[in-house]
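Scroll down for the structure; my scribbles are underneath it.
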Amino acid sequence: MKRIFSGIQPTGEIHLGNYVGAIRNWVYLTEEYDCIFCVVDYHAITVEYEIDELKKRTLETALILLACGLSPEKCKMFVQSHVREHTELAWIFNCVTPIGELERMTQFKDKSRQHRANINIGLMGYPVLQAADILVYKAGYVPVGEDQVQHVELSREVARKFNAKYGDIFPEPQVILSMAPKILGVDGTNKMSKTLNNYIGLLEDKDSMWEKLRTAVTDVNRVRRKDPGNPEVCNVYTIHRAFSPNETLLEIDKGCRTASIGCIDCKKTLFSNMMAELDPIREKAVSLNNNIDYVIDVLKTGADTCRAIAAETMDEVRKTIGLFM
Ligand code: TRP
């Protein structure tokens, strides 16, 4: 079975963008691939973070993955720092990765701009650790969003550089791009993100979810109720595409273009379809929260299984690079 690896940062508040763009797709992939999913806490400390919150958010992120339908019977799930081999391999990869490649990374440039006072080596080496995450399991496929494609390409380059210097050990991993439409934030302009505070949280209070959707930016050219709208440029319509069946989409499209429905009508239909899918997830999250030892146990078992795989790779790597063992 082909192996997949993907990671998610422990931001805690998982939002609609994460769900539609990544997690929902991961659930499908577990049917056909040997999947490893990881809560990447060592990536999270490359920028300023709340020390007292990290632990809570790590656990909450894992809880949400389980609530969304990932199950330990169908995939492996664990916390990055529980398998020390990731950071060990990252060090070795540091020694084959040209600095110039890392300086070119768009995410590094963006984050350097956002965190001017803390441009640390870890932030720059972020993609090297990501390469280690993937390659320590020799995973061939990496399901990510558009914004991570450059990092997966770097992983390929790291694998190539390592193999050229030491011999063929690592595959060159390929991206699996999610086919889901990219959901923007409620501002209708930027990618949905916690940092930009334009998100709708998966486990947020229902009233607050509705309030955010109710006031979300639609087609900016549709000013009055009687103006016809254009679904193609409307982020709310994009969210519809993620949650509503085809016949609803056709109705909404027509209603919007002819102004026979208003934006609030459209949003009400969306909210009801969205909640039909999210309610069971939200209920599952509550029940997992009451049984948190189960979540901890899943992560422990996942780490044990993955550590065994990673340890094998590391033995091979240590030998290959000439360490005294
Ligand atoms: N950088 C990824 C993100 O922010 C998270 C991540 C870390 C990851 N390691 C990974 C994704 C390995 C795929 C594979 O979304």
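The values are calculated or read from the model by the stated rules, or taken from the named source; none is laboratory data. What you are looking at is a predicted structure, and each value in this text was computed from that prediction instead of being measured. Please note: Cβ atoms are built from the backbone with ideal geometry, for glycine as well, and neighbour counts cover all protein chains shown.
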Index of the failed condition, His151 passing every other in (1) within 12 Å of the ligand (Cβ to nearest atom); (2) not in a helix (DSSP H, G or I); (3) not charged (D, E, K, R): (2)
field: Residues (within 15 Å of Val217 (Cα to Cα) and of a type in the set (Gly, Ala, Ser)) located in the stretch 179-192
entry: Gly185, Gly188
message: If a residue must be touching a residue at least 24 places away in the same chain (Cβ under 8 Å) and more than 19 Å from Val20 (Cβ to Cβ), how many such residues does the stretch 249-275 contain?
response: 7
- prompt: Applying the selection to the stretch 1-39, what residues are of a type in the set (Val, Ile, Thr), surrounded by fewer than 23 Cβ atoms within 10 Å (Cβ to Cβ), in a loop (DSSP other than H, G, I, E, B) and under 13 Å from the mean Cα position of the chain (by Cα)?
  reply: Thr11
task: For the stretch 126-146, name all the residues that are more than 9 Å from the ligand (Cβ to nearest atom), in contact (Cβ under 8 Å) with a residue 40 or more places away in the chain and surrounded by 20 or more Cβ atoms within 10 Å (Cβ to Cβ).
output: Leu135, Val136, Tyr137, Tyr141
message: Of the residues Thr189, Thr195, only one is loosely packed, with under 15 Cβ neighbours inside 10 Å, away from the ligand (no atom under 16 Å from the Cβ) and β-branched (Val, Ile, Thr); which?
response: Thr189
message: For the stretch 193-225, give me each residue that is of a type in the set (A, V, I, L, M, F, W, C) and without any contact (Cβ under 8 Å) to a residue 12 or more places away in the chain.
response: Leu196, Val223
- request: Look through Leu54, Leu66 and report the one residue that is away from the ligand (no atom under 14 Å from the Cβ), over 18 Å from Ala131 (Cβ atoms) and crowded, with 18+ Cβ neighbours inside 10 Å.
  value: Leu66
query: Mind checking which pairs have a first residue in the stretch 97-125 that is under 26 Å from Ala159 (Cβ atoms) and a second that is among the polar types (S, T, N, Q) and in a helix (DSSP H, G or I), Cβ under 8 Å, 6 or more apart or different chains?
result: Met105/Gln150; Thr106/Gln150; Gln107/Gln150; Leu123/Ser112; Gly125/Asn94
message: Regarding the stretch 104-121, can at least one residue be identified that is more than 13 Å from the ligand (Cβ to nearest atom) and surrounded by 17 or more Cβ atoms within 10 Å (Cβ to Cβ)?
response: no
- request: Specify which of the listed residues (Leu278, Leu196, Leu250) is at pLDDT below 95 and either among the aromatic types (Phe, Trp, Tyr) or not assigned by TED's automatic domain parsing to the domain that holds Pro10 (or both).
  value: Leu196
message: With in contact with an Asp or Glu (Cβ under 9 Å, 6 or more places away or on another chain), surrounded by fewer than 17 Cβ atoms within 10 Å (Cβ to Cβ) and of a type outside the set (S, T, N, Q) as the only criterion, which of Glu251, Glu277, Glu172 stands out?
response: Glu172
- line: Within the stretch 13-36, residues free of Cβ contacts under 8 Å to residues at least 60 places away in the same chain and not polar (S, T, N, Q) come out as Ile23, Val27, Tyr28, Glu31, Glu32, Asp34, Cys35
- prompt: Does the stretch 227-238 include one or more residues that are aliphatic (A, V, I, L, M) and crowded, with 18+ Cβ neighbours inside 10 Å?
  reply: yes
Hits in the stretch 16-40 (condition: more than 13 Å from the ligand (Cβ to nearest atom) and not hydrophobic (A, V, I, L, M, F, W, C)): Tyr19, Arg24, Tyr28, Thr30, Glu31, Glu32, Tyr33, Asp34
- prompt: Condition test on Ala159, is it within 16 Å of the ligand (Cβ to nearest atom) and either modelled with pLDDT of 95 or more or under 19 Å from the mean Cα position of the chain (by Cα) (or both)?
  reply: yes
